Every structure is written in C-alpha cells, then in structure tokens.
Amino acid sequence: MYKGYKYRIYPTDDQKASLAKAFGCCRWYWNLALNLCQETYLKTGKGLSRGYIQGLLPGLKKEYPWLTDAYSQSLQVVALNLSTAYKNFFEKRAQLPRFKSKHGRQSLSYPANVKFEGDYIKLPGKIGLVYCHRHREFEGTIKTVTVSQNSDGQYYASVLVDDGKETPSQSTEGKAVGIDVGLTHFAITSDGSKYDNPRHFAKHHRNLKRQQQKLSRKQKGSQNRTKAQQKVAKVYSKTVRCREDFLHKLSRQIVNENQVIAVENLNVKGMVRNHKLAKAISDVGWGMFTTMLKYKAEWEGKTYIEVDRFFASSKTCHVCLNRVDSLSLDIRQWQCQHCGTCHDRDVNAAQNIRNEALRILRLCSVQVLSLGTSDTAWGGSVRQPGKTSVLLDAVPVESGSPILAKGRVG
C-alpha cells in the first residue's frame with residue numbers, strides 16, 4: 001500500500017540556486033514536450049509516446065548543455081507525467097495538460113537514489129544533503145521523492161513509501177453514520193452532532209486585503225513587488241494549512257468512531273458556478289473532506305459510501321418516509337404532516353443519508369450472495385483504471401508534529 005509523507009526542508013542558498021536551475025530545466029522540458037505533442041496532433045492527428053519523448057533527451061542535452069543541471073531521471077519523470085496526464089485527459093479523469101509557468105509552485109521528482117541520513121535527506125545530483133524536519137517516521141521502501149517550492153518560498157519533500165501491506169478488506173460490521181455538509185455548520189452527523197464552519201478565509205481576509213493593497217502600489221518588475229507577492233502568498237498558505245488541519249482532525253475523528261461512513265455525492269464543481277456562494281463553497285473544502293474520509297476509511301478496512309446527489313434527503317421524513325413537495329432553504333425546522341414528527345432539516349438529511357447507504361449495502365450483499373461468490377460489493381482494486389504511474393497512487397498522511405499535536409484527533 002502506497003502512502004505519502006510530506007516534510008518541510010530547509011536548503012541552503014547554494015542548494016536553493018541548484019534547485020531553481022533543476023526546476024527550470026524540468027519546466028522547460030515539460031513545455032517543450034507538450035508543445036511538440038500539440039503540434040504533432042494538429043498535423044497528424046496522433047500523439048507522441050512516452051518513449052519518443054524520452055528519446056529526445058540525449059539530443060537536447062547536446063544542444064542545450066544547461067539541461068545537465070537537472071538530475072537525468074528527474075527529466076525522464078517529466079515525460080512519464082506528461083503521458084499520464086494525457087491518458088487521464090482522454091479517459092475523462094482530468095483536464096487537458098497545460099504549460100507550466102515560472103511563477104507559482106515549482107516541483108521535480110526523484111524516482112531513485114534518495115535516502116535519509118539522520119536529520120538530512122540526501123538528494124541525487126548537485127543538491128546533496130538538505131536539512132529536513134522529519135516530524136514523523138515511516139516504515140517501508142522509498143519509491144519516489146518530489147521536491148516542491150510553494151509560492152511563499154517554502155520547500156517541501158513529499159516521500160512516496162510502499163509499506164508492503166495489503167489494503168484491508170472492507171467490513172460493514174459496526175456503527176454507521178450519515179454526514180450532511182453545509183455552510184452554516186460544516187458537517188452534521190446522523191447522531192445529532194454539529195461541527196461549525198471555521199470560515200478560514202474570512203478570518204484571514206482582512207490581512208489578505210491589506211497585503212494585496214500594498215502589492216498593488218508596488219512598481220511592476222521591482223524587487224519590492226516580488227517581496228509583496230510573497231507576503232500575499234504567505235496569507236494564502238496560512239489559510240490552506242488551517243483548512244487542512246481542521247479537515248484532517250475531523251475526518252480522523254469520524255473514521256475512528258464509525259465503521260460505515262455515508263456522505264452525499266455533491267456536484268461541487270457545478271455549485272461554485274453560483275457567484276453568490278462560490279467563495280464560501282470553495283473555502284469550506286467539501287471535496288477535500290470527502291477525499292480524506294475515503295482513503296482513511298480504506299486504510300482502516302472500513303466502508304465509505306456515497307449516496308446519489310439527487311436523493312431527497314432533506315425533504316423526506318426518516319420516520320415514515322413521507323416526502324414533502326417543496327422545502328426552501330430558509331426552512332431549518334419542519335414537521336411531517338403524516339406522522340407529526342418535528343425535524344431538524346440537517347439532522348434529518350444526515351439520517352436519511354445513513355439509511356439510504358445501509359439500504360444500498362444490504363442490496364449489494366444480497367446480490368453477491370445470489371451470485372454465490374465471496375467478493376465484496378465493489379470488488380477489484382481501488383486504483384483508477386489505466387494508470388501507469390505510481391506517483392498518483394499515494395494518499396497524504398496527516399501532517400503535523402506529534403510533539404505539538406498532543407491531544408489532537410488526526
């Protein structure tokens with residue numbers, strides 16, 4: 001089973017310069033290969049294979065000697081990632097690959113020859129030993145290390161590890177919970193628990209506005225403008241880290257306390273088209289939350305299931321299954337005209353989501369028994385079909401120092 005561990009690294013000034021050159025080489029090679037793929041497709045209607053793209057490297061290194069500033073295998077990974085990106089696009093799992101910019105996040109991958117030596121990580125090529133804040137240990141074999149630089153200037157090393165363990169089989173024996181997400185309350189569970197929306201972007205909005213105002217007054221192309229851009233990026237980075245910390249803690253708590261986790265399959269991409277709620281929906285992080293619930297449940301051998309988004313969870317009474325014709329969003333409490341039960345809108349929706357998930361599981365188990373097989377209702381591998389790179393099979397382990405995280409859930 002593949003797992004990803006993300007560590008903060010602190011390169012020296014010389015190492016930063018070497019990393020910047022390596023980032024530039026990988027970015028240039030990606031853009032060159034992507035442009036060549038697009039031109040070939042326009043002329044012939046066919047694409048280029050990964051082997052053909054990698055075969056260009058020897059000639060390019062002779063023509064552009066500065067390409068040797070990057071580790072040779074890092075450049076080969078660029079071709080691998082580009083072919084995987086195109087494959088995901090044609091199988092409708094991602095958008096069309098785009099050109100990379102020298103502004104914003106930069107990254108490169110080392111598929112081999114990386115090891116830890118005490119508090120340092122040894123990177124191949126011209127980088128050498130880099131101090132690493134290794135806040136937690138891992139077990140397994142290192143497969144790939146991806147070094148990245150964020151817009152705020154911080155460096156990280158994402159380590160892909162194969163722990164040699166098989167993914168545990170899913171079980172439905174135990175407590176089941178339904179989760180309904182919202183904006184006033186981030187999550188409402190079927191047992192009546194409500195978790196407030198932290199509204200991370202709103203907390204940092206004032207500081208962000210001030211830093212953006214300072215940025216707008218700086219002259220374009222000046223060093224002061226570059227410094228102001230980094231300050232804006234730091235505010236965004238702080239918001240992202242706070243959101244991820246909250247989602248990791250809450251998802252870990254829910255997975256630890258329940259055996260079956262049921263959520264609603266929301267169309268977040270379509271919901272953000274509402275310009276009045278787009279900022280609030282983007283800030284709350286529903287998609288990231290469900291992703292965390294899914295892979296953490298898989299780690300523990302628990303069941304994660306999504307209920308269809310068109311299931312009328314709010315308008316259906318969970319007691320008698322009577323369904324009302326209409327229920328506007330401003331109505332938070334309503335009474336069933338059939339059985340007289342008074343419902344909290346969100347708790348009732350979470351209970352209906354749980355009941356519908358259990359019904360689906362029972363139906364699947366009956367179908368499996370009728371076929372006379374011992375396979376699970378889902379069966380097969382959890383990996384997406386057609387993937388060629390193990391770089392995309394990893395899921396992040398919750399970040400944070402165990403020393404500072406005493407008493408935290410995640």
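Scanning segment 156-173 for residues that are assigned to a strand (DSSP E or B) and of a type in the set (V, I, T) yields V159, V161. Consider K302 carefully, then state whether it is farther than 26 Å from T184 by Cα, modelled with pLDDT of 90 or more and within 31 Å of the chain's Cα centre (by Cα). The answer is yes for K302. The criterion of at least 2 residues that are under 30 Å from E298 (Cβ atoms) is met, among helices (runs of 4 or more DSSP H) falling completely within segment 1-118, by 72-90. Within segment 322-333, is even one residue assigned to a helix (DSSP H, G or I), surrounded by 12 or more Cβ atoms within 10 Å (Cβ to Cβ) and touching a strand residue (DSSP E or B) at 6+ places or on another chain (Cβ under 6 Å)? No, the conditions are met nowhere in segment 322-333.
The residues listed here are I53, I9; of these, the one that is buried (at least 16 other Cβ atoms within 10 Å of the Cβ), modelled with pLDDT of 90 or more and touching a Leu at 6+ places or on another chain (Cβ under 8 Å) is I53.
In this structure, does S251 turn out to be hydroxyl-bearing (S, T, Y), outside any loop (DSSP other than H, G, I, E, B), under 22 Å from G301 (Cβ atoms) and touching a residue at least 24 places away in the same chain (Cβ under 8 Å)? Taking the combined requirement at face value, the residue satisfies it. State whether the residues of segment 33-45 include one that is of a type outside the set (A, V, I, L, M, F, W, C) and closer than 22 Å to Y156 by Cα. The answer is no; no qualifying residue exists. Restricting segment 157-166 to residues that are surrounded by fewer than 18 Cβ atoms within 10 Å (Cβ to Cβ) and touching a strand residue (DSSP E or B) at 6+ places or on another chain (Cβ under 8 Å), which is nearest to G128 (Cα to Cα)? The selected residue is D162.
For the residues S313, S282, the requirement of being in a loop (DSSP other than H, G, I, E, B) and of a type in the set (S, T, Y) singles out S313. Number of residues in segment 134-148 that are surrounded by 20 or more Cβ atoms within 10 Å (Cβ to Cβ), touching a residue at least 40 places away in the same chain (Cβ under 8 Å) and not hydroxyl-bearing (S, T, Y): the value is 1.
When the residues of segment 227-260 are filtered to those that are in contact with a Lys or Arg (Cβ under 9 Å, 6 or more places away or on another chain) and among the acidic types (D, E), the one that is surrounded by the fewest Cβ atoms within 10 Å (Cβ to Cβ) is E257. For the residues K102, K87, the requirement of being under 20 Å from the mean Cα position of the chain (by Cα), at pLDDT 90 or above and within 28 Å of A33 (Cα to Cα) singles out K87.
The values are calculated or read from the model by the stated rules, or taken from the named source; none is laboratory data. Just so it is clear, the model here is predicted, and its values are computed rather than measured. Glycine gets a Cβ as well: all are built from the backbone with ideal geometry, and neighbour counts include every protein chain shown.
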